[in-house]
Structures are given as C-alpha cells and as structure tokens.
C-alpha cells in the first residue's frame, strides 16, 4: 500500500490493474476453453492460461507489497503474457472470448515490460 507521504506512481498502479485484469480474464478463459472442448481444451493451452493467470497475480502482489524484486517478476510476466496472447490469437478466429483474452494479455505484457525497464533504468 502506498503511504500518503509517497507520491503515487501512476505507472505502477496501472500495471497492478492490468495484471489483476489479466489474471481474471485468463481464469475466465480457462473455464470457457474447458467448456468448449476440442482444441480449446488442449492441455498445453490450458496450462499456459493457468501460468499466465498465476504470474499476473504474483506480479501484482510483488508491486502491491513494494518488493524490490518486482522488476524481475514483471519481466517474467511480460514474457508469459506474450506467449499466452499469441496462443489465444492462434485459436481466436471470430471467438470474442479468445480475442478479449489476447487483448488483455497484450496490454499486460506491454505494461509489465515498461515497468521492468523503467525500474531497471532507475537502479
């Protein structure tokens, strides 16, 4: 939690929000894909959605706690989000759920990559 004496880092707050939303959409998409079956329920795809949801939650947790290790976690989150977005795009076609997941993963990837780089350049 940010104390009142510290200035609010809007980039950090936005990244936390993006990670939290990506966590949510990946869990929703995982349930959707399991319900759809077939290629949507492929074990590797479901595993990637679970990985993405988990790393997004972890990344948000590290930023909320103000961990000095959050740049490394954000960098890992960006990499996982990129793979998840690519996987969802490959399955999407006209599927709105898959497109929404890919879009949120891309937003989170960009936000986390910027957060990781911004923090590294300040060190």
- Just for the stretch 91-113: of the residues that are without any contact (Cβ under 8 Å) to a residue 40 or more places away in the chain and under 15 Å from residue 24 (Cβ atoms), which one is surrounded by the most Cβ atoms within 10 Å (Cβ to Cβ)? 102
- Task: Within the stretch 44-75, track down each residue that is under 10 Å from the mean Cα position of the chain (by Cα) and surrounded by fewer than 19 Cβ atoms within 10 Å (Cβ to Cβ).
- Result: 51, 54, 57, 58
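Bear in mind that the values in this text are calculations on the coordinates, not laboratory data. Predicted model, so just to flag it, every value in this text is computed and none were measured. Heads up, the Cβs are rebuilt from the backbone with ideal geometry, glycines too, and the neighbour counts pull from every protein chain shown.
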